[in-house]
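This report refers to the structure that appears directly beneath it.
The values are calculated or read from the model by the stated rules, or taken from the named source; none is laboratory data. All of these numbers come straight from a predicted model, not from anything done at the bench. Cβ coordinates were reconstructed from backbone atoms using ideal geometry, including for glycine residues, and neighbour counts include every protein chain displayed. The area values use the complete protein model at the heavy-atom level, side chains included, leaving out ligands, DNA and RNA. Shrake-Rupley method; radii C 1.70, N 1.55, O 1.52, S 1.80 Å.
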Amino acid sequence: MRRAYNRHLSKDLVGKQVQLRGWLYRTRSSGGIVFAVVRDSTGIMQVTVKKGSVPDEDFDSAVKAGIESSVEIDGELAEDKRAPGGFEVRAKRFQVAGLSEPFPITEYQSTELLLDLRHLWIRSREQTAVSKVKAAILMGARKWFEENDYIEVTPPIITAVAPEDSTTLFQIKYFDRIAYLSQSAQFYLESLIFSLDKVYSLTPSFRAEKSRTPRHLAEYWHLEMEAAWMDNEENMRVQEELVAAMLDKAVEKCPDELKLLKRDPATLKRIRPPFDRMKYEEAMDYLQKRGLDVSWGSDLGAIEERELTKDRDMPVFVVNYPKELKPFYMKENPEDPRTYKNSDLLAPEGFGEIIGGSERETDNARMIAWLEDKGESLDNYKWYLDLRRYGSVPHSGFGLGIERIVTWICKLDHIRDATPYPRTVARVYP
Ligand code: ATP
Ligand code: MG
């Protein structure tokens with residue numbers, strides 16, 4: 001007898017012998033019959049265990065086994081309109097592999113308890129669906145990069161310089177020195193384009209985000225790319241194609257998971273390049289007209305990004321931010337030197353930023369002036385500045401937060417549910 005996964009049990013197997021392995025999702029007994037619902041990695045299936053149809057000791061274990069006990073069942077597949085999914089397995093054998101103690105998670109639980117019991121809560125159907133959607137979008141991204149001749153590279157995680165805001169650096173003891181956990185692989189990716197042309201990496205990034213927001217983690221998975229001979233226009237085209245390819249894979253692989261998460265796959269299928277481009281300046285006008293107290297130089301936070309995207313069903317690029325809002329490595333916009341040639345990609349439906357990208361500055365004098373002005377030690381950046389000294393090339397790149405895009409696609413209320421073990425100010429356990 002072949003082991004079957006719940007999802008594969010369909011009409012053509014009706015009347016056939018099947019073997020199920022899984023965990024008890026629900027169970028109740030009444031008289032001489034046990035109704036068990038068995039969960040495996042693909043879904044749930046109803047199993048009926050009738051006294052007399054299985055050996056007596058099997059029936060006794062079926063009565064005794066509580067939810068989350070792991071079980072192995074042989075039986076015959078039958079159609080049954082009352083069962084979830086329309087089928088059930090009528091057991092001939094019912095074996096318990098591991099009996100579960102009374103499971104500590106019952107129907108209504110506080111968020112805190114579910115975070116304390118994360119190692120058990122990740123068995124939930126929602127969390128299982130999120131994990132699969134995440135795997136699908138990563139698959140879609142890797143496939144897109146491969147088809148477009150990008151090389152996957154492995155930058156370091158332990159670093160000495162800060163590409164982003166130095167106030168969010170995690171410091172570590174590194175032998176007898178101090179080092180930092182990477183916030184972004186960007187500088188290292190930039191160094192690799194001189195030999196590999198177009199590169200990408202998928203790594204954890206670390207940010208000591210002190211404010212508790214529903215869209216910041218202290219550790220997240222960062223998909224970053226960098227390409228030589230690329231301006232910010234082409235950089236945005238890469239982003240819109242890549243995002244569409246990631247969504248396509250989620251829709252192809254996970255239609256049922258998306259529905260379980262209350263995301264209609266059709267809304268994702270409609271998302272096609274090109275996405276709108278809106279200048280930062282236009283964004284300010286738009287927000288002012290809607291009564292928000294913003295002006296040139298205001299940063300776009302969650303509130304502003306929600307306002308900009310709540311009536312959209314496609315992502316939108318906000319381009320050319322004022323320099324004071326963005327890091328020094330971005331390229332000055334010759335058409336408006338107050339701004340950079342950069343873009344943030346905002347997901348629709350009120351969600352907000354999922355990607356930050358820019359063309360990179362190639363003028364060392366400009367970067368040095370900025371670093372000196374900020375009192376940074378040039379020694380730390382010497383290697384980075386070298387990249388502009390030996391065959392400098394126009395180039396661009398971006399970083400996409402994997403948990404951000406998952407939170408959006410899966411319609412989650414909080415980014416912590418986009419990862420099995422969220423790391424936040426308040427939590428490193430389990
Ligand atoms: P935000 O303004 O939302 O803090 P950022 O400008 O700091 O974002 P970047 O430095 O451009 O973000 O990082 C690239 C991408 O990484 C962001 O677009 C976002 O998707 C993701 N990201 C940034 N910080 C976090 C975080 N703390 N947790 C999860 N994802 C993040
Ligand atoms: Mg940030």
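Observations on the structure shown:
- Thr111-Arg389 FRET efficiency (beta carbon distance; Förster radius 51 Å; 0.05 resolution): 0.50
- Global form of region 115-155, assessed from the alpha-carbon gyration tensor, a/c cut-off 1.5: oblate
- Tilt relative to the chain, helix 232-253 - C-alpha long axis, 0 to 90 degrees, to 10: 0
- Using only side-chain charges placed at the Cβ, +1 for Lys and Arg and -1 for Asp and Glu, the dipole size of region 23-100 relative to its Cα centre rounds to 300 debye.
- Look at the Cα gyration tensor of region 130-213: its axes a ≥ b ≥ c give a/c of at least 1.5 with a/b at or below b/c, and that counts as oblate.
- For region 358-430, the relative contact order is 28 percent, taking Cα pairs closer than 8 Å that sit 6 or more residues apart in sequence and dividing their mean separation by the residue count.
- Relative to the Cα centre, the charge distribution of region 210-273, modelled as +1 at Lys and Arg Cβ and -1 at Asp and Glu Cβ, gives a dipole magnitude of about 580 debye.
- Peptides 367-375, 413-421, 100-108 ranked from most to least packed give 413-421, 367-375, 100-108, packing being the mean of other C-beta atoms within 10 angstrom over each peptide's residues.
- Cα gyration tensor shape of the chain, rounded if a/c is under 1.5, else prolate or oblate by comparing a/b with b/c: prolate
- Within straight-line cross-link reach of Lys269, lysines at Cα separation under 20 Å, skipping those fewer than 8 residues along the same chain: Lys132, Lys134, Lys143, Lys249, Lys253, Lys259, Lys310, Lys411
- Whole-Hz couplings from phi, Karplus 6.51/-1.76/1.60, listed for region 129-141; x for Gly and Pro: 5, 4, 4, 6, 4, 4, 4, 5, 5, 5, 4, x, 5
- Whole-number percent relative contact order across region 1-130, with pairs defined as alpha carbons under 8 Å at least 6 apart: 23
- Note on region 274-373: with charges restricted to the Cβ of Lys and Arg (+1) and Asp and Glu (-1), its dipole about the Cα centre is near 120 debye.
- The relative contact order of the chain, computed from alpha carbon pairs under 8 Å that lie at least 6 residues apart in sequence, is 13 percent.
- For region 14-23, putting each phi into the Karplus relation 6.51 cos²θ - 1.76 cosθ + 1.60 with θ = phi - 60° gives couplings of 4, x, 9, 7, 9, 10, 10, 10, x, 10 Hz, in residue order, rounded to whole numbers and with x for Gly and Pro.
- Accessible area per residue in Å² at 1.4 Å probe, computed on region 117-239: 48
- Positive dipole terminus of region 8-128, leading residue within Ala83, Ile105, Val63 (C-beta point charges): Ala83
- Aspartates and glutamates with Cα under 17 Å of Lys16, excluding same-chain neighbours fewer than 8 positions away: Glu72, Asp74, Glu76, Glu79, Asp80, Glu88
- Distance between the modelled labels on Glu234 and Asp60, one decimal in nanometres: 7.4 nm (7 Å Cα→Cβ projection).
- Helix axis angle, 186-196 relative to the chain longest principal axis, alpha carbon, degrees: 80
- Only lysines eight or more places from Lys382 in sequence, or on another chain, were considered; those with a Cα closer than 28 Å are Lys173, Lys198, Lys323, Lys326, Lys331, Lys341, Lys374.
- Label zone at Ser70, where the point sits 7 Å out along the Cα-to-Cβ direction: region 1-35 residues whose backbone N lies under 15 Å: 20-25
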